[in-house]
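Below: one structure, written as structure tokens.
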Amino acid sequence: MVDGLGVLPEVQINSIGYGVGSKDFEIPNVLRTVIGTVDAKKIDILKVLETNIDDMSPEYYQYIFDELFKNGALDVYLTPIIMKKQRPANKLSVICTEEKSEILRKIIFKETSTFGIREYTVNRYPLQRDFKTVDTDIGRIRVKVGYMDGELIKSHPESDDVKAIAEKTGLSIQSVLKVLHDYGY
């Protein structure tokens, strides 16, 4: 009957239905159903896995990050926090698809000192993205471009390409970026 259950994403609502059950509970026995259409081009429904860690050596995070990315994490990051008893700690956050959340939870439990993980659903609104290769006087640079409603609104050079050209030519990274800017990116 349903494709999913969770936080209502941005949808074009077609209809809303309400129902009341006949059994008495301590809380109201009601149901609301929303039927709508999600514009798949505008929204990604993702999961965020989070845990606070205050008792693990930071030298192991690189390995944990590698394992999480290798197994489908879209992004992994640490946020410095202060926990109870004013203990410095890190909040480990992992962004992933629903399909990857179970395997990534297992990796977090197996590879960190945590005893619990929070999980919640988030909506991501990505720009329409594309990659272009710009042929400049100093070499080829790949550029990620972002469009909104068909209009180019931002671009960002591939950092590995910028670094490689800087090393090859002896130019500074800022000089390479200026050349790219002169080409309209």
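The values are calculated or read from the model by the stated rules, or taken from the named source; none is laboratory data. Being a predicted model, the structure only gives us computed values, none of them experimental. Here the Cβ positions follow ideal geometry from the backbone for every residue, glycine too, while neighbour counts run over all protein chains shown.
Screening Arg118 on (1) touching a residue at least 12 places away in the same chain (Cβ under 8 Å); (2) over 26 Å from Glu59 (Cβ atoms) shows it passes everything except condition (2). Filtering region 89-122 to residues that are loosely packed, with under 14 Cβ neighbours inside 10 Å, part of a strand (DSSP E or B) and hydrophobic (A, V, I, L, M, F, W, C) leaves only Val122.
Is it true that Ser159 is under 16 Å from Lys132 (Cβ atoms) and either at pLDDT 95 or above or aliphatic (A, V, I, L, M) (or both)? The answer is yes for Ser159.
Out of Val34, Val48, report the one residue that is more than 19 Å from Ser113 (Cα to Cα) and surrounded by 10 or more Cβ atoms within 10 Å (Cβ to Cβ). That would be Val34, the only listed residue that is more than 19 Å from Ser113 (Cα to Cα) and surrounded by 10 or more Cβ atoms within 10 Å (Cβ to Cβ). Whenever a residue of region 159-185 is within 19 Å of Lys144 (Cβ to Cβ), its partners that are small (Gly, Ala, Ser), lying with C-beta atoms within less than 8 angstrom and at least six residues away or across chains, give the pairs Asp161/Gly139; Ala164/Gly139; Ile165/Gly139; Ala166/Ser172; Ala166/Ser175; Ile173/Ala166; Val176/Ala166; Tyr185/Ser155. Scanning region 33-88 for residues that are assigned to a loop (DSSP other than H, G, I, E, B) and within 15 Å of the chain's Cα centre (by Cα) yields Lys42, Ile43, Asn71, Gly72, Ala73, Leu74. If the condition is being in a helix (DSSP H, G or I) and either closer than 25 Å to Lys42 by Cα or not hydroxyl-bearing (Ser, Thr, Tyr) (or both), then region 132-176 contributes Asp160, Asp161, Val162, Lys163, Ala164, Ile165, Ala166, Glu167, Lys168, Ile173, Gln174, Val176.
Looking at Glu111, is it under 22 Å from the mean Cα position of the chain (by Cα) and assigned by TED's automatic domain parsing to the domain that holds Pro58? Spelling it out, Glu111 is indeed under 22 Å from the mean Cα position of the chain (by Cα) and assigned by TED's automatic domain parsing to the domain that holds Pro58.
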